[in-house]
Amino acid sequence: MQIFGVSAMNGSQAVSGVKVIGGAGPARAAGDIADVRDSVSLSVDGVRAAEAAASADIRFDRVQAIRAAIADGSYDTPEKLDIALDRLLDSIG
């Protein structure tokens, strides 16, 4: 077996530094972040997922009920685990 390094296993990408929007100006103090803005770039798939999530009818009452059941430990049951395992095995094989 030959190992050629991590770069041969996956395609790494360069990481760019922090970019301050608004042009260069006088140096700011370390605690002064009033003029610094965050930015995000999404792939086409990310944009589609965000649009689908924004247009979906979310039943917040149901979400809260599920969160409460997860928190108190009553959400996961052996029956649900069996169903999930069966679905996983069906999708694999």
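The values are calculated or read from the model by the stated rules, or taken from the named source; none is laboratory data. The structure displayed is predicted, hence computed values, not measured ones. Here the Cβ positions follow ideal geometry from the backbone for every residue, glycine too, while neighbour counts run over all protein chains shown.
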Requested in this report: For segment 30-46, state whether one or more residues are surrounded by 10 or more Cβ atoms within 10 Å (Cβ to Cβ), at pLDDT 60 or above and part of a helix (DSSP H, G or I).
Outcome: yes
Query - Counted residues, segment 62-93 - those being loosely packed, with under 10 Cβ neighbours inside 10 Å, under 25 Å from the mean Cα position of the chain (by Cα) and in a loop (DSSP other than H, G, I, E, B) - result: 1
Requested in this report: Could you please let me know if VAL20 is out of contact with any Leu (no Cβ under 6 Å at 6 or more places or on another chain), modelled with pLDDT under 55 and surrounded by 10 or more Cβ atoms within 10 Å (Cβ to Cβ)?
Outcome: yes
